[in-house]
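Below is one structure, written out as structure tokens; the observations come after it.
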Amino acid sequence: MPGFELFGEKEKAEVQDVLDNGVLMRYGFDGLRNGHWKAKELEKALAVRMRTKYAQVVSSGTSALTIALVSAGIGAGDEVIMPTFTFVASFESILAIGAIPVLVDVDDTLTLNPEAVNKAITSKTKVVMPVHMCGSMADLDALKSICEEHDLLLIEDACQAIGGSYKGKPLGSIGDLGCFSFDYVKTITCGEGGGIITDSENYFKNADHYSDHGHDHVGNDRGAETHPFLGYNFRISELNAAVGCAQIERLDEFLSIQEKHYSILRHTLSEIPEVTFRRVPEGGVENYSFLNFFLPTEELTRKAHKALGEAGVDGCFYWYNNNWHYYRKWEHLIEKNVLGKLPKDVLQGLPDYTQYDFSASDYWISRTISCLIKLSWTEQETKERADKMKTVISGLLS
Ligand SMILES: *Cc1c(COP(=O)(O)O)cnc(C)c1O
């Protein structure tokens, strides 16, 4: 998945262009910058590639999620439905605005189970936030119709799935708003960065202003600006955006390499009858950043993960044990360890996460292994890796 693996002349030239010009900030300095607007260029390229009307590029994927929520008017006490399997940024972005993360089970898509979403809806629910983990998506038609029925927003966390699609539409462009991360380990990188896409002029304007202290960015240079509302600093720098300008041009090249490597691994592993693969909803196309498969039992999966590591097959993840990605190890959230003080009603509004039954999530995640697909492998290396994985896993099953 990581764009940093293929990092070359284009990226260097874009960064050098910013350094030569000397304006490192994305707004203002209109005269000094001689037409250099890297963040704006990246926004244009992102909107074109995602076929949305608007894109706002910001400092990280985490801030993109926060901004998306705020831009749509979400705030204190509102409930946001999110999956048990994601990255900690999901609940961080929700808590940052005083909203309440409501955890919901995943199914064999490794993303939100629509039936579980339906059951979790209360009078306070405002948003359903599916997370397209490891490059693939939930049943988005089902989630969309739930949102329509209950008048909820659909905000896609597509941070790990840039380039994937659902029924012909780019992931991120299906909900009311979609978010991407361009951190160092994502499919394309800015070093640090994030993006928000939407077709709503209103959400876009809010995102544009909010991410820069509420400045309305009206008129030339910054002199004539006003502040329609309070904001914050979630700006990306021109240096980071410059890297993104080079990387987004290479997205389709990266995706085709990932697909090739993914297919080799999948073809070989599918020769093992006990191995099954993550379900991709009808009409969905992964971005092939990971190959995700199930083994028949938790015990076998743990053994296989260990044996793969010992055999030198790197980049295989067992999320069930992972404290960044699965609810079981989110002690800081479960124990409500906040730094400083959240408003009392927010703190009291947080559910007692220990009381939930997430055995359905456990059932799938405890049997999942995800292999990171690297861009830098050669075809020969990929084949050898696939054969090694097959030998290791078959050995445990025989
Ligand atoms: C990486 C990631 C984020 C956050 O992105 P950052 O740019 O690292 O802040 C959010 N959600 C998911 C699913 C991610 O993988």
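Say R0 is 41 Å: what FRET efficiency, to the nearest 0.05, do Asn118 and Glu384 get from their beta-carbon distance?
Values: r = 45 Å, r/R0 = 1.11.
Step by step, r from the Cβ atoms, then E = 0.35.
Specify the inter-centroid distance of the stretch 351-369 and the stretch 291-305, based on alpha-carbon positions, in whole Å.
16
Taking the Cβ of Pro101 as the centre, find all other residues whose Cβ is under 11 Å away and add up their charges (Lys, Arg: +1; Asp, Glu: -1). Let's see the in-between values first.
Working: positive: none; negative: Asp78, Glu79, Glu92.
Computed value for this residue: -3.
Once you sort the root eigenvalues of the Cα gyration tensor of the stretch 172-232 as a ≥ b ≥ c, which label holds: rounded (a/c under 1.5), prolate (a/b larger than b/c) or oblate (the other case)? Can you show the working numbers first?
Values: a/c = 2.75, a/b = 1.59, b/c = 1.73.
Oblate is the answer for the stretch 172-232, as a/c is 1.5 or above yet b/c matches or exceeds a/b.
Which net charge results when you count Lys and Arg as +1 and Asp and Glu as -1 among the other residues whose beta-carbon is under 15 Å from that of Phe229? Working shown, then result.
On the way: positive: Lys205; negative: Asp208, Asp212, Asp216, Glu225.
Spelling it out: positives minus negatives among the neighbours equals -3.
Where does the Debye-calculated log10 I(q)/I(0) of the stretch 267-398 sit at q = 0.21 Å⁻¹, using only Cα point scatterers of equal weight, no solvent?
-1.28
Using all C-alpha to C-alpha distances in the stretch 1-64, build P(r) with 5 Å bins and read off the rounded percent in each one.
The calculated distribution, bin by bin, is 3, 15, 18, 23, 24, 13, 3, 0.
Which value, in Å to one decimal place, does the Kirkwood hydrodynamic radius take for the chain when every pair of different Cα atoms is included?
Numbers: mean 1/r = 0.0458 Å⁻¹.
When all Cα pairs of the chain are included, the Kirkwood radius is 21.8 Å.
Given the options Ser366, Gly244, Phe29, identify the residue whose Cα lies farthest towards the positive end of the charge dipole of the chain (+1 on Cβ of Lys, Arg; -1 on Cβ of Asp, Glu).
Looking along the dipole axis, the top candidate is Ser366.
For Leu372 and Glu299 in the same chain, what is the full-extension length gain: residue separation times 0.36 nm, less their Cα-Cα distance, in nm? If you can, show how the numbers build up before the last one.
Values: separation 73, 0.36 × 73 = 26.28 nm, distance 2.17 nm.
Value of the extension gain: 24.1 nm.
If I stretch the segment between Asp17 and Val185 completely, what's the gain in nm (0.36 nm per residue apart, minus their alpha carbon distance), one decimal? Kindly include the intermediate steps, with their values, before the conclusion.
Working: separation 168, 0.36 × 168 = 60.48 nm, distance 2.40 nm.
That works out to 58.1 nm of additional length.
As a test question: what accessible area, to the nearest 10 Å², does Tyr27 have when a 1.4 Å probe is rolled over all protein chains in place?
10
Just the projected area, averaged over all directions, of the convex hull on the alpha carbon atoms of the stretch 49-134: how many nm²?
Average projection, Cα convex hull of the stretch 49-134: 6.3 nm².
Evaluate the charge dipole of the chain about its Cα centre and quote only its size in Debye, nearest 20, assuming +1 on the Cβ of each Lys and Arg and -1 on the Cβ of each Asp and Glu.
On the way: 39 positive and 56 negative charges, 73 e Å.
Using only the charged Cβ atoms, the result is roughly 360 debye.
Roughly how many nanometres apart are two label points built 7 Å out from the Cα toward the Cβ at Arg222 and Thr391?
6.0
The values are calculated or read from the model by the stated rules, or taken from the named source; none is laboratory data. Small disclaimer: the values here were computed from a predicted structure and weren't measured. A quick note on method: Cβ atoms are made from the backbone with ideal geometry, for glycine too, and the neighbour counts reach across all protein chains shown. SASA here: full protein model, heavy atoms, side chains in, ligands and nucleic acids out. Shrake-Rupley method; radii C 1.70, N 1.55, O 1.52, S 1.80 Å.
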